[in-house]
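The values are calculated or read from the model by the stated rules, or taken from the named source; none is laboratory data. Treat the numbers as computed from the prediction; the structure is a model and nothing was measured. Using ideal geometry, Cβ is built from the backbone for each residue, glycine included, and neighbour counts are taken over all protein chains shown. For accessibility, only protein heavy atoms count, side chains too; no ligands or nucleic acids. Shrake-Rupley method; radii C 1.70, N 1.55, O 1.52, S 1.80 Å.
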Amino acid sequence: MEAGTTIALISLDPLEARSAAYLLPRFIEPRQGRILIDGQDTAWGTLESLRAETIFVGGEDPFFTGTVAENISCGNSRYTMQDINEAAKTAHANHFIMRLPQGYETVLGEHGEILAPGESFRLGIARAVLRDPALLIIEEPRESLDEDTKSLLDDSYTRVFKERTVILLPTRLSTLKRVDRIILLDNGQIAASGAYTALLKKSELFRHWEYVHYNAFRDRSGHEREESA
């Protein structure tokens, strides 16, 4: 994967794509083979140095008990309030934060304010943006998002993806259409690779995956799936 590009990582078994993404920040270790970043084996670096440049944002990451500012900075005093505010603005989190009872000093978590899934996700993006990683891994939320949140996320992605290498575990069709390349994994192998429109034409497996995930009539829960985001 070339630096500065965006890739969507998908698989027939969702755990397969997630496991591949987890290898990069060393949430799990490979049983064989190597993970190379800039030609260097990640096994030889410290976790601290690796995770300073490789940030994972989970679609279902919980926020911890503390203020909004503390959730974004993780209590790191080297970040100023201005830094925190700018990161929140980039992630389009500032607007909903300012609507909270005490703004950035509002306490979240147990006995505090509870955020909606889209708000929690944008808070996670702000936390990542503050650290300015070279490699950003984003797992999108499974919950359906309202139209305003989708629009804000699209604009946030445009800002965040600039001059950064990004790997996405997408749940939104619009995300698949915006990345440079989609990689489809199946049984531990790359089964298909390419842009969205090209894969629709050349990969039967990708067409099957896309139909299962985004055709409204295939939603097993009985609810209509979003076909665009």
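Which condition number does I138 fail, the rest of (1) at pLDDT 95 or above; (2) of a type in the set (A, V, I, L, M); (3) over 19 Å from E60 (Cβ atoms); (4) out of contact with any helix residue (DSSP H, G or I) (no Cβ under 6 Å at 6 or more places or on another chain) being met?
So the condition that I138 fails would be (3).
Quick one: is D83 of a type outside the set (F, W, Y), surrounded by fewer than 19 Cβ atoms within 10 Å (Cβ to Cβ) and touching a residue at least 60 places away in the same chain (Cβ under 8 Å)?
No; evaluated as a whole, the condition is false for this residue.
In region 54-97, which residues are assigned to a helix (DSSP H, G or I), under 18 Å from L153 (Cα atoms) and not β-branched (V, I, T)?
Selection gives N85, E86, A87, A88, K89, N94, H95, F96.
Which residues, taken from region 166-192, are β-branched (V, I, T) and in contact with an Asp or Glu (Cβ under 8 Å, 6 or more places away or on another chain)?
Residues satisfying the conditions are T171, T175.
When R31 is evaluated against the numbered criteria (1) part of a helix (DSSP H, G or I); (2) loosely packed, with under 12 Cβ neighbours inside 10 Å; (3) among the charged types (D, E, K, R), which criterion, by number, is the only one it fails?
Condition not satisfied by R31: (1).
Consider H92 against the criteria (1) within 22 Å of L169 (Cα to Cα); (2) surrounded by fewer than 19 Cβ atoms within 10 Å (Cβ to Cβ): it satisfies all of them except one. Which criterion is unmet?
(2)
Quick one: A17 ticks every box in (1) assigned to a helix (DSSP H, G or I); (2) open to solvent by 60 Å² or more (accessible area, probe 1.4 Å); (3) closer than 29 Å to T175 by Cα; (4) of a type outside the set (D, E) bar one, so which box is it?
Among (1) assigned to a helix (DSSP H, G or I); (2) open to solvent by 60 Å² or more (accessible area, probe 1.4 Å); (3) closer than 29 Å to T175 by Cα; (4) of a type outside the set (D, E), A17 violates only (2).
Considering only region 14-39, how many residues are in contact with a helix residue (DSSP H, G or I) (Cβ under 9 Å, 6 or more places away or on another chain) and of a type outside the set (A, V, I, L, M)?
Final tally of qualifying residues: 6.
Considering only residues that are at positive phi and assigned to a loop (DSSP other than H, G, I, E, B), look in region 98-111 and name the one that is modelled with the highest pLDDT.
Filtering region 98-111 for residues that are at positive phi and assigned to a loop (DSSP other than H, G, I, E, B), the one modelled with the highest pLDDT comes out as G109.
Within region 121-142, work out how many residues are free of Cβ contacts under 8 Å to residues at least 60 places away in the same chain and open to solvent by 10 Å² or more (accessible area, probe 1.4 Å).
4
Can you name the residue in region 143-159 that is crowded, with 20+ Cβ neighbours inside 10 Å and of a type in the set (A, V, I, L, M) and, of all such residues, is farthest from I7 (Cα to Cα)?
Selected residue: L145.
Mind listing just one residue for me: the one in region 95-120 that is over 23 Å from the mean Cα position of the chain (by Cα) and polar (S, T, N, Q) and, of those, most open to solvent (accessible area, probe 1.4 Å)?
Q102
Note down all Cβ pairs under 9 Å where the first residue falls in region 157-169 and is of a type in the set (D, E), the second is open to solvent by less than 70 Å² (accessible area, probe 1.4 Å), and they're at least six residues apart or on different chains.
Listed pairs, sorted by first residue: E163/G4.
Just one of the numbered conditions (1) in contact with a strand residue (DSSP E or B) (Cβ under 8 Å, 6 or more places away or on another chain); (2) surrounded by 15 or more Cβ atoms within 10 Å (Cβ to Cβ); (3) among the charged types (D, E, K, R) is not true of R51; which one?
In the conditions (1) in contact with a strand residue (DSSP E or B) (Cβ under 8 Å, 6 or more places away or on another chain); (2) surrounded by 15 or more Cβ atoms within 10 Å (Cβ to Cβ); (3) among the charged types (D, E, K, R), R51 misses (1) alone.
Would you check if T171 is modelled with pLDDT of 95 or more and either within 23 Å of L50 (Cβ to Cβ) or open to solvent by 20 Å² or more (accessible area, probe 1.4 Å) (or both)?
no
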